[in-house]
1. For segment 178-197, give me the residue count where each residue is closer than 20 Å to Gln233 by Cβ and of a type in the set (S, T, N, Q).
2. Go through Asp257, Asp232 for me and flag whichever is touching a strand residue (DSSP E or B) at 6+ places or on another chain (Cβ under 9 Å) and surrounded by fewer than 14 Cβ atoms within 10 Å (Cβ to Cβ).
3. Residues Tyr81, Tyr16, Tyr44, Tyr33: which one is under 25 Å from Met132 (Cβ atoms) and at pLDDT below 75?
4. Step by step: first the residues of segment 237-267, then only those that are over 20 Å from Val294 (Cβ atoms) and not charged (D, E, K, R), then the one that is modelled with the highest pLDDT. Which residue is that?
5. Find the residue count for segment 189-215, including only residues that are outside any loop (DSSP other than H, G, I, E, B) and open to solvent by 10 Å² or more (accessible area, probe 1.4 Å).
6. Return yes when Val142 is at pLDDT 90 or above, within 27 Å of Lys282 (Cα to Cα) and assigned to a strand (DSSP E or B) and no when it is not.
7. Between Glu267, Glu276, which is of a type outside the set (A, V, I, L, M, F, W, C), open to solvent by 40 Å² or more (accessible area, probe 1.4 Å), part of a helix (DSSP H, G or I) and under 30 Å from Arg47 (Cα atoms)?
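The values are calculated or read from the model by the stated rules, or taken from the named source; none is laboratory data. Just so you know, these numbers come straight off a predicted model, no measurement behind them. FYI the Cβ positions are ideal-geometry reconstructions off the backbone, even for glycines, and counts take in every protein chain you see. The area values use the complete protein model at the heavy-atom level, side chains included, leaving out ligands, DNA and RNA. Shrake-Rupley method; radii C 1.70, N 1.55, O 1.52, S 1.80 Å.
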Amino acid sequence: MSSISLTDKNIELLEYLATLKMMTENQICALFYGKHDSFNLDMYKARNAMSGRISSFVKADIINKIPIPTQNNSRVSRQGYVLGPAGADILKEEREIERRQLPHWLQRRDTDVSIHATHNVLVNNVLINLIMLSRLKGDFFVDTWLSDRDCRFYIELKNNDNKLLFHPDFFLMTSNGSQVGSPVFVELDRGRVSPKSLAIKIRRTFQYYESGKYKVDLTVPYFPKMAIVVPDQDRIDTFMHVIAAAKKHYPRRANVDEFPFWLTTYEGVDVYAIDEGRVSTKPLDPVWLSDQGVKWTSPFTS
(Lines give C-alpha, C1' and ligand atoms only; values in the text may rest on other atoms or scores of the structure.)
Protein backbone atom coordinates (compact mmCIF):
# COMPACT_ATOMS: atom_id res chain seq x y z
CA MET A 1 0.00 0.00 0.00
CA SER A 2 2.90 2.37 0.71
CA SER A 3 3.90 2.23 -2.97
CA ILE A 4 0.54 3.64 -4.07
CA SER A 5 0.33 7.41 -4.16
CA LEU A 6 -3.08 8.83 -3.33
CA THR A 7 -4.53 12.03 -4.79
CA ASP A 8 -7.28 14.13 -3.28
CA LYS A 9 -9.64 12.56 -5.83
CA ASN A 10 -8.65 9.08 -4.64
CA ILE A 11 -9.40 10.02 -1.02
CA GLU A 12 -12.74 11.47 -2.08
CA LEU A 13 -13.57 8.21 -3.88
CA LEU A 14 -12.84 6.26 -0.69
CA GLU A 15 -15.07 8.64 1.26
CA TYR A 16 -17.89 8.04 -1.23
CA LEU A 17 -17.46 4.28 -0.95
CA ALA A 18 -17.58 4.55 2.83
CA THR A 19 -20.73 6.67 2.91
CA LEU A 20 -22.59 4.97 0.04
CA LYS A 21 -21.56 1.46 1.20
CA MET A 22 -21.13 0.33 -2.41
CA MET A 23 -20.73 1.81 -5.89
CA THR A 24 -20.88 0.38 -9.39
CA GLU A 25 -18.30 0.98 -12.09
CA ASN A 26 -20.63 3.40 -13.87
CA GLN A 27 -21.29 5.35 -10.69
CA ILE A 28 -17.56 5.71 -10.07
CA CYS A 29 -16.94 6.68 -13.68
CA ALA A 30 -19.70 9.29 -13.61
CA LEU A 31 -18.37 11.00 -10.49
CA PHE A 32 -14.60 10.61 -10.77
CA TYR A 33 -13.39 9.73 -14.26
CA GLY A 34 -13.77 11.38 -17.64
CA LYS A 35 -14.60 14.96 -18.54
CA HIS A 36 -18.35 14.92 -18.85
CA ASP A 37 -19.51 18.14 -20.48
CA SER A 38 -22.88 16.76 -21.54
CA PHE A 39 -25.66 14.56 -20.19
CA ASN A 40 -24.45 11.56 -22.20
CA LEU A 41 -21.44 10.29 -20.28
CA ASP A 42 -18.42 9.06 -22.20
CA MET A 43 -18.13 5.81 -20.27
CA TYR A 44 -15.65 4.22 -22.69
CA LYS A 45 -12.97 6.84 -21.98
CA ALA A 46 -13.93 6.95 -18.31
CA ARG A 47 -13.49 3.20 -17.89
CA ASN A 48 -10.09 3.32 -19.60
CA ALA A 49 -9.01 6.10 -17.22
CA MET A 50 -10.36 4.23 -14.23
CA SER A 51 -9.38 0.60 -14.86
CA GLY A 52 -5.66 0.69 -14.01
CA ARG A 53 -6.10 2.77 -10.88
CA ILE A 54 -8.99 0.72 -9.51
CA SER A 55 -7.16 -2.54 -10.25
CA SER A 56 -4.20 -1.39 -8.16
CA PHE A 57 -6.56 -0.42 -5.33
CA VAL A 58 -8.22 -3.85 -5.44
CA LYS A 59 -4.85 -5.62 -5.33
CA ALA A 60 -3.85 -3.51 -2.31
CA ASP A 61 -7.14 -4.27 -0.49
CA ILE A 62 -8.01 -0.57 -0.52
CA ILE A 63 -11.16 -1.43 -2.45
CA ASN A 64 -12.92 -4.80 -2.65
CA LYS A 65 -15.16 -6.19 -5.38
CA ILE A 66 -18.51 -7.80 -4.59
CA PRO A 67 -21.09 -9.47 -6.84
CA ILE A 68 -24.50 -7.86 -7.24
CA PRO A 69 -27.47 -10.25 -7.51
CA THR A 70 -29.35 -9.19 -10.64
CA GLN A 71 -32.66 -10.80 -9.62
CA ASN A 72 -33.86 -10.86 -13.24
CA ASN A 73 -32.96 -7.21 -13.71
CA SER A 74 -30.23 -7.08 -16.34
CA ARG A 75 -30.24 -3.27 -16.32
CA VAL A 76 -28.45 -3.18 -12.97
CA SER A 77 -24.68 -3.63 -12.93
CA ARG A 78 -23.50 -7.07 -11.79
CA GLN A 79 -20.38 -5.98 -9.94
CA GLY A 80 -19.88 -3.48 -7.17
CA TYR A 81 -17.01 -1.97 -5.23
CA VAL A 82 -16.88 -1.50 -1.46
CA LEU A 83 -14.32 0.01 0.86
CA GLY A 84 -11.58 -2.49 1.75
CA PRO A 85 -9.75 -2.80 5.09
CA ALA A 86 -6.76 -0.85 3.80
CA GLY A 87 -9.08 1.86 2.49
CA ALA A 88 -10.72 2.16 5.90
CA ASP A 89 -7.27 2.55 7.47
CA ILE A 90 -6.45 5.31 4.98
CA LEU A 91 -9.58 7.23 5.93
CA LYS A 92 -8.80 6.83 9.61
CA GLU A 93 -5.34 8.25 8.97
CA GLU A 94 -6.96 11.15 7.12
CA ARG A 95 -9.06 11.69 10.27
CA GLU A 96 -12.19 11.49 8.15
CA ILE A 97 -13.85 9.53 10.93
CA GLU A 98 -13.86 12.64 13.15
CA ARG A 99 -15.89 14.60 10.60
CA ARG A 100 -18.92 12.32 10.94
CA GLN A 101 -21.81 12.89 13.31
CA LEU A 102 -22.05 9.21 14.22
CA PRO A 103 -19.14 7.93 16.31
CA HIS A 104 -17.21 4.98 14.88
CA TRP A 105 -19.30 5.05 11.69
CA LEU A 106 -16.38 3.77 9.64
CA GLN A 107 -15.96 0.76 11.90
CA ARG A 108 -19.53 -0.48 11.44
CA ARG A 109 -19.70 -3.54 9.22
CA ASP A 110 -22.46 -3.89 6.66
CA THR A 111 -22.45 -7.65 6.30
CA ASP A 112 -25.70 -7.58 4.34
CA VAL A 113 -24.44 -5.24 1.62
CA SER A 114 -24.48 -8.02 -0.99
CA ILE A 115 -28.01 -9.05 -0.02
CA HIS A 116 -29.32 -5.50 -0.44
CA ALA A 117 -26.96 -4.59 -3.26
CA THR A 118 -29.64 -4.09 -5.93
CA HIS A 119 -31.49 -1.66 -3.68
CA ASN A 120 -28.24 0.19 -2.92
CA VAL A 121 -27.46 0.49 -6.62
CA LEU A 122 -30.84 2.06 -7.42
CA VAL A 123 -30.74 4.43 -4.45
CA ASN A 124 -27.22 5.54 -5.34
CA ASN A 125 -28.22 5.95 -8.98
CA VAL A 126 -30.87 8.48 -7.97
CA LEU A 127 -28.52 10.35 -5.62
CA ILE A 128 -25.55 10.37 -8.03
CA ASN A 129 -27.78 11.49 -10.89
CA LEU A 130 -28.83 14.51 -8.79
CA ILE A 131 -25.20 15.25 -7.86
CA MET A 132 -24.24 15.09 -11.55
CA LEU A 133 -27.13 17.40 -12.44
CA SER A 134 -25.75 19.85 -9.90
CA ARG A 135 -22.44 19.78 -11.76
CA LEU A 136 -23.92 20.06 -15.26
CA LYS A 137 -26.77 22.53 -14.78
CA GLY A 138 -26.18 26.14 -13.88
CA ASP A 139 -29.57 26.59 -12.19
CA PHE A 140 -29.67 23.55 -9.91
CA PHE A 141 -27.44 22.86 -6.93
CA VAL A 142 -27.06 20.03 -4.43
CA ASP A 143 -25.80 21.96 -1.43
CA THR A 144 -25.41 19.01 0.94
CA TRP A 145 -26.44 15.37 1.23
CA LEU A 146 -26.50 12.44 3.62
CA SER A 147 -26.50 8.85 2.42
CA ASP A 148 -28.17 5.81 3.97
CA ARG A 149 -25.29 5.32 6.41
CA ASP A 150 -25.83 8.73 8.03
CA CYS A 151 -29.61 8.95 7.56
CA ARG A 152 -30.47 7.36 10.89
CA PHE A 153 -32.55 9.59 13.13
CA TYR A 154 -33.75 8.48 16.54
CA ILE A 155 -36.96 9.50 18.23
CA GLU A 156 -37.02 9.32 22.02
CA LEU A 157 -40.25 8.19 23.63
CA LYS A 158 -41.50 9.86 26.78
CA ASN A 159 -41.16 7.78 29.94
CA ASN A 160 -39.50 5.03 27.90
CA ASP A 161 -35.87 4.06 27.42
CA ASN A 162 -36.52 2.74 23.91
CA LYS A 163 -35.99 4.81 20.79
CA LEU A 164 -37.71 4.68 17.41
CA LEU A 165 -35.66 4.84 14.21
CA PHE A 166 -36.58 7.01 11.23
CA HIS A 167 -34.35 5.81 8.39
CA PRO A 168 -34.95 7.18 4.86
CA ASP A 169 -32.60 6.16 2.05
CA PHE A 170 -30.98 9.59 1.77
CA PHE A 171 -31.37 13.29 2.48
CA LEU A 172 -30.26 16.24 0.41
CA MET A 173 -30.59 19.99 0.34
CA THR A 174 -31.06 21.46 -3.13
CA SER A 175 -31.39 25.02 -4.38
CA ASN A 176 -31.78 27.00 -7.58
CA GLY A 177 -29.35 29.71 -6.56
CA SER A 178 -31.72 31.40 -4.11
CA GLN A 179 -30.99 31.69 -0.41
CA VAL A 180 -33.86 29.36 0.48
CA GLY A 181 -32.91 25.70 0.06
CA SER A 182 -35.18 22.74 -0.46
CA PRO A 183 -34.58 19.88 2.04
CA VAL A 184 -35.79 16.47 0.83
CA PHE A 185 -35.87 12.95 2.24
CA VAL A 186 -35.86 10.25 -0.45
CA GLU A 187 -37.15 6.70 -0.03
CA LEU A 188 -36.80 4.15 -2.83
CA ASP A 189 -39.28 1.29 -2.66
CA ARG A 190 -38.81 -1.98 -4.53
CA GLY A 191 -42.38 -3.17 -4.12
CA ARG A 192 -41.48 -5.99 -1.74
CA VAL A 193 -42.59 -4.53 1.58
CA SER A 194 -46.08 -5.32 2.86
CA PRO A 195 -48.67 -2.58 3.38
CA LYS A 196 -48.37 -3.19 7.13
CA SER A 197 -44.63 -2.45 7.03
CA LEU A 198 -45.25 0.59 4.80
CA ALA A 199 -47.70 1.90 7.41
CA ILE A 200 -44.94 1.68 10.04
CA LYS A 201 -42.59 3.66 7.76
CA ILE A 202 -45.22 6.37 7.29
CA ARG A 203 -45.91 6.47 11.02
CA ARG A 204 -42.18 6.89 11.72
CA THR A 205 -42.18 9.86 9.33
CA PHE A 206 -45.03 11.46 11.29
CA GLN A 207 -43.32 10.74 14.62
CA TYR A 208 -40.03 12.27 13.50
CA TYR A 209 -41.92 15.28 12.15
CA GLU A 210 -43.80 15.67 15.44
CA SER A 211 -40.62 15.32 17.51
CA GLY A 212 -39.07 18.42 15.94
CA LYS A 213 -35.64 16.74 16.07
CA TYR A 214 -35.01 17.54 12.40
CA LYS A 215 -34.33 21.14 13.43
CA VAL A 216 -31.27 19.93 15.36
CA ASP A 217 -30.31 16.87 13.30
CA LEU A 218 -30.41 18.68 9.96
CA THR A 219 -30.35 22.35 11.02
CA VAL A 220 -33.41 23.12 8.91
CA PRO A 221 -36.32 25.26 10.15
CA TYR A 222 -39.07 23.15 8.57
CA PHE A 223 -39.59 19.47 7.88
CA PRO A 224 -38.07 18.16 4.62
CA LYS A 225 -40.31 16.98 1.81
CA MET A 226 -40.82 13.23 1.67
CA ALA A 227 -40.13 11.93 -1.86
CA ILE A 228 -40.95 8.28 -2.56
CA VAL A 229 -39.83 6.46 -5.72
CA VAL A 230 -41.67 3.22 -6.56
CA PRO A 231 -41.62 0.67 -9.39
CA ASP A 232 -44.98 1.48 -11.02
CA GLN A 233 -48.37 3.16 -10.77
CA ASP A 234 -49.91 0.22 -8.89
CA ARG A 235 -47.36 0.76 -6.12
CA ILE A 236 -48.17 4.48 -6.05
CA ASP A 237 -51.82 3.53 -5.50
CA THR A 238 -50.75 1.24 -2.64
CA PHE A 239 -48.79 4.06 -1.00
CA MET A 240 -51.69 6.49 -1.41
CA HIS A 241 -53.99 4.04 0.36
CA VAL A 242 -51.49 3.39 3.17
CA ILE A 243 -50.78 7.11 3.67
CA ALA A 244 -54.50 7.96 3.81
CA ALA A 245 -55.09 5.26 6.42
CA ALA A 246 -52.04 6.35 8.44
CA LYS A 247 -53.23 9.97 8.49
CA LYS A 248 -56.70 8.87 9.57
CA HIS A 249 -55.50 6.74 12.46
CA TYR A 250 -52.53 8.77 13.66
CA PRO A 251 -53.26 9.82 17.27
CA ARG A 252 -52.55 13.50 16.72
CA ARG A 253 -54.28 13.62 13.41
CA ALA A 254 -54.48 17.42 13.18
CA ASN A 255 -50.70 17.60 12.79
CA VAL A 256 -50.49 15.30 9.79
CA ASP A 257 -53.69 15.74 7.79
CA GLU A 258 -51.97 18.00 5.27
CA PHE A 259 -48.53 16.41 5.53
CA PRO A 260 -47.14 16.37 1.96
CA PHE A 261 -45.64 13.42 0.12
CA TRP A 262 -44.17 13.35 -3.38
CA LEU A 263 -44.55 10.09 -5.32
CA THR A 264 -43.24 8.94 -8.68
CA THR A 265 -42.13 5.79 -10.50
CA TYR A 266 -38.72 4.45 -11.49
CA GLU A 267 -39.49 5.59 -15.03
CA GLY A 268 -40.49 9.00 -13.72
CA VAL A 269 -37.01 9.74 -12.34
CA ASP A 270 -35.17 7.59 -14.92
CA VAL A 271 -33.68 5.46 -12.14
CA TYR A 272 -31.44 3.46 -14.52
CA ALA A 273 -29.86 6.50 -16.19
CA ILE A 274 -26.45 6.26 -14.50
CA ASP A 275 -26.33 2.49 -15.16
CA GLU A 276 -26.91 3.30 -18.82
CA GLY A 277 -24.25 6.03 -18.96
CA ARG A 278 -26.57 9.03 -18.88
CA VAL A 279 -27.48 11.90 -16.59
CA SER A 280 -31.23 12.49 -16.64
CA THR A 281 -33.15 15.71 -15.97
CA LYS A 282 -36.35 13.78 -15.28
CA PRO A 283 -36.13 14.07 -11.46
CA LEU A 284 -36.48 17.85 -11.91
CA ASP A 285 -39.54 17.56 -14.16
CA PRO A 286 -43.18 17.60 -12.97
CA VAL A 287 -43.40 13.79 -12.93
CA TRP A 288 -44.51 13.70 -9.30
CA LEU A 289 -47.88 13.15 -7.62
CA SER A 290 -49.05 14.12 -4.16
CA ASP A 291 -50.55 11.45 -1.92
CA GLN A 292 -53.90 12.91 -3.01
CA GLY A 293 -53.10 12.13 -6.66
CA VAL A 294 -52.50 15.75 -7.65
CA LYS A 295 -49.70 16.40 -10.15
CA TRP A 296 -46.87 18.30 -8.51
CA THR A 297 -43.65 20.01 -9.47
CA SER A 298 -40.40 18.30 -8.46
CA PRO A 299 -39.60 18.28 -4.73
CA PHE A 300 -36.00 19.12 -5.69
CA THR A 301 -36.91 22.40 -7.38
CA SER A 302 -40.10 23.61 -5.67
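1. 1
2. Asp232
3. Answer to the check: Tyr44.
4. The residue in question is Tyr266.
5. Number of matching residues: 14.
6. Taking the combined requirement at face value, the residue satisfies it.
7. Among Glu267, Glu276, only Glu267 is of a type outside the set (A, V, I, L, M, F, W, C), open to solvent by 40 Å² or more (accessible area, probe 1.4 Å), part of a helix (DSSP H, G or I) and under 30 Å from Arg47 (Cα atoms).
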